[in-house]
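Here is the structure we will look at.
The values are calculated or read from the model by the stated rules, or taken from the named source; none is laboratory data. As the structure is a prediction and not an experimental result, all values here were calculated from the model. So basically every Cβ, Gly included, is an ideal-geometry build from the backbone, and we count neighbours across all protein chains shown.
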Amino acid sequence: MSAIALKEGVWSVGVLNPSLRVFDIVMESKYGTSYNAYLLTGEKNVLIETVHTDYFEEYVENIEQVIPLERVDYLIMNHNEPDHSGSVSKLLERCPDLKIFCTAAGKKHLEDITNRTFPVQVVKAGDTLDLGGKTLEFIPAPMLHWADSMFTWDPADKVVFTCDFLGAHFCEPTMLDSKIHDKAAYAGERHFYYQCIFGPFASYVQAGLSKLPAEAEMACTSHGPVLTETLEECKALYRQWSTPVPKEGKTAAIIYASAYGCTRALAQAAAEALEEMGIRTVQHDVTMESLDACAAIANEADVVLVGSATINRDVPKAVWDVLGSIDAINTKGRAAGAFGAYGWSGEAPGMLQTRLGQLKFATPAEAFRVLFTPTQSDLDAMKDYARSVAALLK
Ligand code: FEO
């Protein structure tokens, strides 16, 4: 991709990665992605973000379509995850006097990533950078989605640089929302990106939206198209997606795997106990419901009970997959417990209990397990266990 003039003196100098299919190990990217970076030219020349290290040479070629690299004065790093900071070391080798602007958290990340020192100015809310002819303003917006995140505001051009915020893993070479060919695909990827990257940080999303300058006419993100005609729509969607859905009363999710119906009987007993407490309870058998459906109820419920038979001394993969889909950022104040019937060794409930504790749920001291077919006494004990988990709710 070549350098693209977005406005007078505002250039896109990022790169495309259309073949990427998994971003950050965990996130499918069906349409590839782009590592966006920007160059502001004038009396002083400023880069905003670098690119993934594999694309450094293409990034430099794009910059040099506009100005020689040695004429770049500053580098602003709104966020320092290596998909944006990966070329900082190489850039410093070519431009050793380059002055970097980032937040305090960003400075630490950059030092840890580059293992070197460099000229850096830590910025805070309201700090500005005079470029001669225009002044940039820094707007820290922490936890979008790292502690280091900030926006950079260019009021003269009405452009805000938001890094990951409002982005999408989407790859079309025009780099503009107004020129997207497959708008439906982009809309789907924009939502998926939001869910994966910002879903766990909803309250910070609301704070970030309130910090975006209302006068902004263009949002230069770090992935996917630059937003102009869809900027207000995107902000409204982020507002909608990050607004908590009001719910009445407490809810519980019981997710289980049962080989011969014994663990299922325990799940049913637990559900009865929780319903008797006025807690609306949904049960999902992992072999009958999709992983997404199981993860959804687990991530929404106040009380989570996970039940499993033990197969060859382990928890079946389908149950581990559910626990691997728990939003570990938002378990505070929620309670969870593990249970299961077993035939000979019975490790699964204890393993699940350990994992739920690691996810920072409030958990009772022990998991609950029963040897083979639950008796009435076992079912009563299961009910007591479910009540004890619910009692841990804050
Ligand atoms: Fe695109 Fe959080 O990095």
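General observations
- Which listed residue is closer than 29 Å to residue 188 by Cα and at pLDDT 95 or above, from 265, 271, 216: 216
- Residues in the stretch 164-193 that are away from the ligand (no atom under 13 Å from the Cβ) and closer than 22 Å to residue 296 by Cβ: 187, 188, 189, 190, 191, 192.
- Every condition in (1) closer than 23 Å to residue 122 by Cα; (2) buried (at least 22 other Cβ atoms within 10 Å of the Cβ) holds for residue 43 except the one numbered (2).
- Unique residue being at pLDDT 95 or above and touching a Cys at 6+ places or on another chain (Cβ under 8 Å) when the list is 143, 150: 150
- Whichever residue in the stretch 1-40 is out of contact with any Asp or Glu (no Cβ under 9 Å at 6 or more places or on another chain) and of a type in the set (S, T, N, Q) and, among such residues, is modelled with the highest pLDDT: 12
- When the criteria are applied in full, residue 150 fails the requirement of being surrounded by fewer than 20 Cβ atoms within 10 Å (Cβ to Cβ) and in contact (Cβ under 8 Å) with a residue 60 or more places away in the chain.
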